[in-house]
Amino acid sequence: MLKVISANLNGIRSAANKGFLPWAAEQNADFICMQELKAQAADMTPAMLGFPERHGYFHYAEKKGYSGVGIYARQEPLRVIEGLGVPEIDAEGRYLELVYDDLSLISLYLPSGSSGDHRQAAKFSFMEHFFGHLAELAGSGRQVLLCGDWNIAHKEIDLKNWKGNLKNSGFLPEERAWLTKVFDELGWVDVYRRLHPDATGEAYTWWSNRGQARANNVGWRIDYQIATPGIAATAKRASIYKEAWFSDHAPLTIEYDWALRK
């Protein structure tokens, strides 16, 4: 069994202060994919860099206190790939891939466009480039699992107030159509939806800090595990952890009937 967790931390130092690291160590997960570290190498404590029998790998953003992704892994990979080879994207620390004999495991943080038109343009630019990369991964013949914050709610079922967000970043028609193409044209599988096709409020993974969004469960499902069909078909269980709050996102855990080759 392969246990994989994806968690946007909204700052690893903040999440650590809220108990994330002890919780992570208790999960017995094979991989914990993290997004939005908001830290650089000099900010990381020994506890943040890894814990017993888990190796930590990180792709930091150049800008301090911004973005960044990481993975805690039980097994050391054959290769570590930091970034997509596009300087303006890689400067923001959005992509980290661990390559194993039969699987690539990726932590991804897709841009948000909510802070203004310039960031929405950057998001569309990322999506255009990343679609080609997703096509290459899908055609590689390898099994691939991408975990992360995609900053897109795919369908009306994936957020509470869908009517009020039709013109907002994260639920724009162009964004949703792009994600549909990822699934329908490239063959990627939304693993949580495969297991829970009709889940609504219990599926949300992010809540705004404004008002009483969390208390009223006015949420969005924007954190995904998206996989090639082979490993996606082995998914057995999925859960979203809400008993404690480490950030404005909730960790998504999925277990697969899959064993990494040594």
Inside region 216-262, the number of residues satisfying the requirement of being of a type in the set (D, E, K, R) and modelled with pLDDT under 95 is 2
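Quick check on this structure: which one of GLN35, GLN40, GLN27 is out of contact with any strand residue (DSSP E or B) (no Cβ under 7 Å at 6 or more places or on another chain) and either of a type in the set (S, T, N, Q) or within 24 Å of TYR256 (Cβ to Cβ) (or both)?
Details: GLN35 fails: out of contact with any strand residue (DSSP E or B) (no Cβ under 7 Å at 6 or more places or on another chain); GLN27 fails: out of contact with any strand residue (DSSP E or B) (no Cβ under 7 Å at 6 or more places or on another chain).
Step by step, each of GLN35, GLN40, GLN27 is checked, and only GLN40 is out of contact with any strand residue (DSSP E or B) (no Cβ under 7 Å at 6 or more places or on another chain) and either of a type in the set (S, T, N, Q) or within 24 Å of TYR256 (Cβ to Cβ) (or both).
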Report yes if GLY132 is surrounded by fewer than 15 Cβ atoms within 10 Å (Cβ to Cβ) and either under 22 Å from VAL4 (Cα atoms) or at pLDDT 95 or above (or both), otherwise no. yes
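Report those strands (runs of 3 or more DSSP E) wholly inside region 212-262 carrying at least 2 residues which are in contact with a Cys (Cβ under 9 Å, 6 or more places away or on another chain). Show your work before the answer.
Numbers: elements: 223-227, 235-240, 252-256.
Counting at least 2 such residues, we get 223-227, 252-256.
Tally the residues that are surrounded by fewer than 17 Cβ atoms within 10 Å (Cβ to Cβ), in contact (Cβ under 8 Å) with a residue 12 or more places away in the chain and not hydroxyl-bearing (Ser, Thr, Tyr), restricting the search to region 26-49. Write out each step before concluding.
Of region 26-49, the ones surrounded by fewer than 17 Cβ atoms within 10 Å (Cβ to Cβ) are 26-28, 41-43, 45-47, 49.
Imposing the further condition that a residue be in contact (Cβ under 8 Å) with a residue 12 or more places away in the chain reduces the set to 27-28, 41, 43, 45, 47.
From what's left, not hydroxyl-bearing (Ser, Thr, Tyr): 27-28, 41, 43, 47.
Number satisfying all stated conditions: 5.
Go through region 9-25 residue by residue and tally those that are part of a helix (DSSP H, G or I), out of contact with any Leu (no Cβ under 8 Å at 6 or more places or on another chain) and either buried (at least 16 other Cβ atoms within 10 Å of the Cβ) or in contact (Cβ under 8 Å) with a residue 12 or more places away in the chain (or both). Can you show your working first?
Filtering region 9-25 down to residues part of a helix (DSSP H, G or I) leaves 12-17, 20-25.
Okay, now just the ones that are also out of contact with any Leu (no Cβ under 8 Å at 6 or more places or on another chain), so 13-14, 16-17, 21-25.
Those left that are additionally either buried (at least 16 other Cβ atoms within 10 Å of the Cβ) or in contact (Cβ under 8 Å) with a residue 12 or more places away in the chain (or both): 13-14, 16, 21, 23-25.
Selection size over region 9-25: 7.
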Total residues in region 84-113, condition in a loop (DSSP other than H, G, I, E, B) and touching a helix residue (DSSP H, G or I) at 6+ places or on another chain (Cβ under 8 Å): 7
Residue count, region 153-206 (criterion: of a type in the set (A, V, I, L, M), outside any helix (DSSP H, G or I) and touching a Ser or Thr at 6+ places or on another chain (Cβ under 9 Å)): 1
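The values are calculated or read from the model by the stated rules, or taken from the named source; none is laboratory data. These numbers were taken from a predicted model, which means no experiment stands behind them. With ideal geometry, Cβ positions are generated from the backbone for all residues, glycine too; neighbour counts draw on all protein chains shown.
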